[in-house]
Amino acid sequence: DQQVKQNSPSLSVQEGRISILNCDYTNSMFDYFLWYKKYPAEGPTFLISISSIKDKNEDGRFTVFLNKSAKHLSLHIVPSQPGDSAVYFCAASGMGRDDKIIFGKGTRLHILP
Amino acid sequence: EAGVTQFPSHSVIEKGQTVTLRCDPISGHDNLYWYRRVMGKEIKFLLHFVKESKQDESGMPNNRFLAERTGGTYSTLKVQPAELEDSGVYFCASSLTGGPRQYFGPGTRLTVT
């Protein structure tokens with residue numbers, strides 16, 4: 001039973017345009033949400049996070065939006081660049097500092113020239 | 001600063017054999033985590049060490065898996081005897097203060113034939 005769902009296995013976006021990656025979750029007890037980025041043959045690397053008490057967090061070209069009532073979050077990348085081509089994992093964590101991360105299956109983003 | 005390292009990068013073994021994976025966390029990181037990604041599925045939590053103690057081992061699939069972290073530095077994950085369904089990529093991650101923002105290693109790809 002997946003608690004974090006990424007329903008789009010892949011997404012193709014033209015370079016320079018906006019990439020929007022979506023994620024849904026089922027557990028209302030999650031209090032921290034993250035996006036990790038993964039290149040082939042490497043481990044996931046932290047990209048951006050958001051606390052459940054906020055609805056938006058921005059870091060350069062990356063913005064994460066959280067809609068708690070809909071249990072939905074999204075990652076916006078603008079403008080998209082070739083180096084953004086990777087697999088993006090949505091993740092969530094429950095209460096407590098040492099809690100484990102619950103990952104989605106990932107969305108493969110292709111940035112087209 | 002060196003990142004999280006894992007050894008070996010790839011292991012191919014036969015069903016019934018034993019394999020030991022090793023993880024060296026970032027120096028000084030008390031928190032060490034093991035995760036596994038079976039092909040096409042999400043990255044799943046296995047367990048969490050704080051120094052040499054197991055904080056949470058709720059994700060360990062069965063008693064064929066044994067994780068240790070003697071001395072609170074590097075960790076090993078032993079699979080004995082290996083089964084076909086154990087194939088996947090095993091990631092190790094570490095963090096200084098705990099919590100969901102973790103630093104991942106490149107993973108060990110385990111293939112059981």
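The values are calculated or read from the model by the stated rules, or taken from the named source; none is laboratory data. What you see is a predicted model, and the numbers here were worked out from it, not measured in a lab. Here the Cβ is made from the backbone with ideal geometry for all residues, glycine too, and neighbour counts use every protein chain on show. Each accessible area value is taken on the protein alone, full model and side chains, heavy atoms only, with ligands, DNA and RNA left out. Shrake-Rupley method; radii C 1.70, N 1.55, O 1.52, S 1.80 Å.
Please work out the average accessible area per residue across chain A, using the 1.4 Å probe convention, and give it in Å².
Values: 5620 Å² over 113 residues.
Value for chain A: 50 Å² per residue.
Between the chain alone and the structure with every protein chain in place, find the residues of segment B:84-105 that drop at least 40 Å² of accessible area; heavy atoms, 1.4 Å probe.
Residues meeting the cut-off: B:T97, B:P100, B:R101, B:F104.
Rounded to the nearest 100 Å², what is the buried accessible area between A and B, both sides summed, probe 1.4 Å?
Values: alone 6480 and 6430 Å², together 11170 Å².
By this definition, chains A and B bury close to 1700 Å².
If r is the Cβ-Cβ distance from B:T5 to A:S69 and R0 is 41 Å, what FRET efficiency results, to the nearest 0.05? Intermediate values should be presented prior to the final figure.
Details: r = 42 Å, r/R0 = 1.04.
Efficiency computed from Cβ-Cβ geometry: 0.45.
³J(HN,Hα) across segment A:23-34 via Karplus (A = 6.51, B = -1.76, C = 1.60, θ = phi - 60°), whole Hz, x for Gly/Pro?
Here the 3J(HN,Hα) series is 8, 10, 9, 10, 8, 6, 7, 4, 10, 8, 10, 9 Hz.
Of all accessible surface on segment B:1-72 at a 1.4 Å probe, what whole percent is carbon and sulfur?
Details: 1820 of 3960 Å².
That fraction is 46 percent.
Amide H of B:T5 versus every other amide H placed in the peptide plane: which residues, excluding those fewer than 5 positions away on the same chain, fall under 5 Å?
Amide H neighbours of B:T5: B:D24.
Expressed in nm to one decimal, what extension gain is obtained for the pair B:E52 and B:S27 from 0.36 nm per residue of sequence separation less their Cα-Cα distance? Intermediate results must be reported in sequence, preceding the final value.
Numbers: separation 25, 0.36 × 25 = 9.00 nm, distance 1.42 nm.
So the extension gain works out to 7.6 nm.
Compute the FRET efficiency between A:D55 and A:Q3 as 1/(1 + (r/R0)^6), taking r as their Cβ-Cβ distance and R0 = 22 Å, and round to the nearest 0.05. Before the final figure, lay out each step's value.
On the way: r = 20 Å, r/R0 = 0.93.
Here the calculated transfer efficiency is 0.60.
Among A:G60, A:G16, A:G94, whose mean-square fluctuation peaks in a Gaussian network model of chain A (Cα, cutoff 10 Å)?
A:G60
With the full set of protein chains in place, find how many percent of the accessible area of segment A:4-112 is carbon and sulfur; take the probe as 1.4 Å. If you can, show how the numbers build up before the last one.
Values: 2580 of 5190 Å².
That share works out to 50 percent.
Rounded to the nearest 5, what is the percent of antiparallel bridges among the DSSP beta bridges in chain A? If you can, show how the numbers build up before the last one.
Working: 37 of 42 bridges.
Of those bridges, close to 90 percent are antiparallel.
Tally Lys/Arg at +1 and Asp/Glu at -1 over every other residue whose Cβ is under 13 Å from the Cβ of B:P106; what's the total? Before the final figure, lay out each step's value.
Working: positive: A:K38, B:R22, B:R37, B:R109; negative: A:E42, B:D24.
My count for the surroundings of B:P106 gives +2.
Compute the FRET efficiency between A:I20 and B:E83 as 1/(1 + (r/R0)^6), taking r as their Cβ-Cβ distance and R0 = 30 Å, and round to the nearest 0.05.
On the way: r = 40 Å, r/R0 = 1.33.
With a Förster radius of 30 Å, E is 0.15.
Given labels modelled 7 Å from the Cα in the Cβ direction, how far is it in nm from B:V38 to B:Q17?
2.2
In whole angstrom, how far apart do the alpha carbon centroids of segment B:86-113 and segment A:1-61 sit?
Centre-to-centre (Cα) distance: 19 Å.
Using a 1.4 angstrom probe, figure out how much accessible area chain B has per residue, in square angstrom, rounded to the nearest whole. Could you put the intermediate results ahead of the total?
Numbers: 5550 Å² over 113 residues.
I get 49 Å² per residue for this part.
Considering only Cα-Cα distances, which of the following residue pairs are longer than 19 Å: B:K54/B:K78; A:K54/B:K44; B:K41/B:K78; A:K71/B:K41; A:K100/B:K41; A:K5/B:K78?
Working: B:K54/B:K78 15 Å; A:K54/B:K44 26 Å; B:K41/B:K78 22 Å; A:K71/B:K41 21 Å; A:K100/B:K41 17 Å; A:K5/B:K78 30 Å.
Over 19 Å Cα-Cα: A:K54/B:K44; B:K41/B:K78; A:K71/B:K41; A:K5/B:K78.
Nothing charged except the Cβ atoms of Lys and Arg (+1) and of Asp and Glu (-1): what's the magnitude of the dipole of segment B:5-112 about its Cα centre? Round to the nearest 20 debye.
On the way: 13 positive and 11 negative charges, 30 e Å.
It works out to roughly 140 debye.
What are the ³J(HN,Hα) couplings of segment B:39-48, residue after residue, when phi is run through the Karplus curve with 6.51, -1.76, 1.60 and θ = phi - 60°? Round to Hz, x for glycine and proline.
Per-residue couplings from phi come out as 3, x, 10, 6, 6, 10, 5, 10, 7, 9 Hz.
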